[in-house]
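> Take a look at the following structure, please.
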Amino acid sequence: MVQEGFKRKLTAILSADVEGYSRLMGEDEEATVQTLTTYREVMTTLIEQHNGKVLDSPGDNLLAEFVSVVDAVQCAVAVQKEFQARNAEMPESRRMEFRIGINLGDVIEEKERIYGDGVNIAARLEGLAKPGGICISKTAFDHIESKLPYGYEFIGDHTVKNITKPVGAYRVVMEPRVTVVKKTKDEKPAIVRRMPFLFGAVAALLLAVAVGIWQFYIRRPTIEPASVEKMAYPLPDKPSIAVLPFENISSDPEQDLIVDGITDSIITGLSQVPDLFVVAQNSTLSYKGKPVKIRQVSEELGVRYVLGGSVQKAGDRLRINAHLIDATKGNHLWAKGYDRELKDLFALQDEITKKVITELKVKLTEGEAERIWAKCTDNLESYLKQLQSEQHFRRKNKDDNFLAQQMAEEAIALDPENACAYYLLGHTHLNDVLFRSTNSPRKSMDRAFELAKKALSINESLFSARNLFGSIYIIKGQHEKAIAEVERAIALAPNSAQSHAVYGWALYNLGRYEESIAILKKAIRLNPIPDSIVFYFLGTAYFLNGQHKEAITALKKAIHLQPKNLFAHIMLAATYASSGHKDEAYAEAAEVLKINPGFSLDYWAKMPTFKNQDDKDRVVEGLRRAGLK
């Protein structure tokens, strides 16, 4: 009889140990301990991600429990596949292979430990597993037979030490296939005898459905290494990374706001690290909601490392899974699950960012660290309003710009010290000028300037506010001031594609064409899928440098990204006319008038776009040849 006070429960138990551990220790103790420590950390992370808990890990053994057998088996498969990938990179004699046993059984719980036959059976099943394999009890199999897309091979009833009755055991085949039952003479499955054809048809149908589910929803995809030779851009000479949009696995699509905010925060933090190369959020957002492979992302963006993950919000809690992958090797460098309260969101974002920096072996100076971890606000409600403002701001149209303005004002009302909200509000006023949605461009420009100044008075490291200053100065024709501001922005955030784009814009306005082209190419390298305006800047710089063919290519890309980009059509008309393509020039002039029937060449010529009057005259002359007046 069990002593009164002990608690019993039904739980899924996972037991694991290392095959040939004594041999490995005998050959090289230090290397074995180092590998075991790493593998145990990986296993612990995967157990936590699958809703499990490690109970004990003496020597080369590990004991964990799960509420669900499904979670336990999925975790075991993930562990073995991860170790297969890691072992493939090691000498055969130094590979570390685990055997895993899983049982569903009744146990006694005392504090943080569990006891009983349920635990002992899991340990005995572990001994029946092959190196790198998984063995489960019949009780566990009965609960998952139709729930998971793996194959199972019945290996018989086994009499095991200290267990009275024989234990039915199944070997897990980590690929989708039909379960194989090795029948003894006493086993007579009557249903199979009576209905062989029906059973076969149903089994085939179930297999097809399972394979489909496995392929598209459950299976953790094998990571195919990226080819450095096939990359769209050469790998930088420093660690390069793309942060994919974290996946919202909540049932509520409105949680996209928080999920995108987490992605943006990590990218913003990493972009300020001088010893990293970080792809801009604009480019990685293009993969949102699409079934992409890590290899594809790596090759298209020209990066070695890819960070991804998922977010689930339930009430006031967040569950985040994050993983960092070396795409060129096709393996995980790090993976971890987090279960925190929503109020810990800021600390959680920083924790993931710090972990990435650590894994990539990058060291920060004290000043760099201070800038990176500086936050615009500690007020969660203000932050959420800021995220709403950013969401509308990115859509770049009059209506959304108005909504972005409202949300930024509400964020400031909730926290008058939210520097990012002031920057956003300032940029919406600048957009009012660019979108011609203001009755007083001068007042809107002045308001944008005041708000940028306010943002920097709160946080002088806010590089985006420096970029806003730069844009305002360029539109005012004060190009030297613009360059000074943007150079400060780049010093603060060397990976900011936006800063490089504004810098290139200012440079060609000053007549420094070749420098502008180089800087704009770097902006595109940092953001391979940029906004239309960046290709417009590049096309203009090429035109002014007399490289008409390159200008046409860049301006066509700008129009492809934004068919109604008025300025790109204007510059393309001038480029065609200046290079003798009359028909194409007239066609582009017609597009200009179609987009803006009130276009006036005189009004455009008065804009303080170029400091060099000769540059402006060349563009105006090209537009006249294209038939614009």
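> Note the full-extension length gain between Ile529 and Ala31 as 0.36 nm times their separation in residues minus their Cα-Cα distance, in nm to one decimal. Each step should come with its number before you reach the end.
Values: separation 498, 0.36 × 498 = 179.28 nm, distance 4.39 nm.
Gain on extension, Ile529 to Ala31, equals 174.9 nm.
> Please give the helix 29-49 orientation as an angle from the longest Cα principal axis of the chain, in degrees from 0 to 90, rounded to the nearest 10.
Taking the Cα atoms of the chain, the angle to 29-49 is about 80 degrees.
> Per residue of segment 88-93, what does 6.51 cos²θ - 1.76 cosθ + 1.60 with θ = phi - 60° give for ³J(HN,Hα)? Whole Hz please, x for Gly and Pro, Karplus curve as stated.
Values per residue, Gly and Pro as x: 4, 8, 10, x, 4, 6 Hz.
> If I take R0 = 51 Å and measure r between the Cβ atoms of Lys111 and Lys396 in this structure, what FRET efficiency does the formula 1/(1 + (r/R0)^6) give, to the nearest 0.05? Show your work: numbers first, answer last.
Working: r = 58 Å, r/R0 = 1.14.
That gives a FRET efficiency of 0.30.
> Same structure, new question: If you build the Cα gyration tensor of segment 531-629 and take the root of 5 times each eigenvalue, what three semi-axes come out, in whole angstrom, biggest first? Please list the in-between numbers first.
Details: eigenvalues 54, 50, 38 Å².
Three semi-axes, in Å: 16, 16, 14.
> Give me the number: length gained by fully extending Lys53 to Glu41, i.e. 0.36 nm times residue separation minus the C-alpha to C-alpha distance, one decimal in nm. Don't jump to the answer; show the numbers that get you there.
On the way: separation 12, 0.36 × 12 = 4.32 nm, distance 1.27 nm.
The Lys53-Glu41 span can extend by a further 3.0 nm.
> Another question, then. Could you work out how far apart the two model spin labels at Lys238 and Asp378 are, taking each label as a point 7 Å from the Cα in the direction of the beta carbon, and quote it in nm?
Modelled inter-label distance: 3.1 nm.
> Could you tell me which of Pro166, Ala455, Val292 has its Cα farthest along the dipole of the chain towards the positive end, charges placed at Cβ (Lys, Arg +1; Asp, Glu -1), taken about the Cα centre?
Toward the positive end, the furthest listed residue is Val292.
> Also, quick follow-up: Taking the simple approach of a point 7 Å from Cα along Cα-to-Cβ for both Ser440 and Ala491, what is their distance in nm?
So the two model labels end up 3.6 nm from each other.
> Turning to a different aspect of this structure: For a 24 Å ceiling on Cα separation, which of these pairs sit above it: Lys375/Lys521; Lys336/Lys363; Lys9/Lys130; Lys453/Lys564?
Numbers: Lys375/Lys521 30 Å; Lys336/Lys363 21 Å; Lys9/Lys130 29 Å; Lys453/Lys564 32 Å.
Among Lys375/Lys521; Lys336/Lys363; Lys9/Lys130; Lys453/Lys564, the Cα-Cα distance tops 24 Å for Lys375/Lys521; Lys9/Lys130; Lys453/Lys564.
> Can you figure out the FRET efficiency of Asp252 with Thr164, using R₀ = 60 Å and their beta-carbon distance, to the nearest 0.05?
Plugging the Cβ-Cβ distance into 1/(1 + (r/R0)^6) gives 0.75.
> For Glu153 and Lys329, what is the calculated FRET efficiency with R₀ set at 35 Å and r taken between the beta-carbons, to the nearest 0.05? Please report the intermediate quantities before stating the final value.
On the way: r = 32 Å, r/R0 = 0.91.
Computed FRET efficiency for Glu153 and Lys329 comes out at 0.65.
> I would also like to ask the following. Order these by the 10 Å Cβ neighbour count, fewest first: Leu36, Leu301. If you can, show how the numbers build up before the last one.
Numbers: Leu36 19, Leu301 27.
Final ranking by Cβ density, sparse to dense: Leu36, Leu301.
> How many nm separate the modelled label positions at Asp614 and Asp583, each set 7 Å beyond the Cα in the direction of the Cβ?
Simple spin-label model gives 3.4 nm for this pair.
> Once amide H atoms are placed 1.01 Å from N in the peptide plane, what residues at a sequence separation of 5 or more from Gly133, or on another chain, have their amide H within under 5 Å of its amide H?
Under 5 Å from the amide H of Gly133: Ile100.
> Using helices alone, what [θ] at 222 nm do you get for the chain, with -39,500 (n - 2.57) per DSSP H run of 4 or more residues, divided over all residues and rounded to the nearest 500? Write down the numbers at each step before the final one.
On the way: 26 runs with 330 residues, N = 629.
Value at 222 nm, helices only: -16500 deg cm²/dmol.
> Residues in segment 313-349, backbone N under 13 Å from the label point at Lys9 (7 Å along the Cα-to-beta-carbon vector): list them, ranges by number please.
none
> Answer with a single label: of (i) 36.5; (ii) 42.5; (iii) 32.3, which was calculated as mean projected area of the Cα convex hull in nm² from the structure in view?
(i)
> Do any GluC sites (Glu not before Pro) in segment 62-96 lie in a loop, going by DSSP, with at most 15 other beta-carbon atoms within 10 Å of their beta carbon, and if so which? Please list the in-between numbers first.
Values: sites: Glu65, Glu82, Glu89, Glu92; in loops: Glu89.
Here the sparse-neighbourhood loop sites are Glu89.
> Separate question: Each residue of segment 528-540 in order: what ³J(HN,Hα) in whole Hz does its phi give by Karplus 6.51 cos²θ - 1.76 cosθ + 1.60, θ = phi - 60°, with x for Gly and Pro?
x, 10, x, 5, 3, 4, 5, 5, 5, 4, 5, x, 5
Only the coordinates and a few stated rules stand behind these numbers; no lab work does. For clarity, every value in this text was computed on a predicted model and none was experimentally measured. Backbone-built Cβ (ideal geometry, glycine too); neighbour counts: all protein chains shown.
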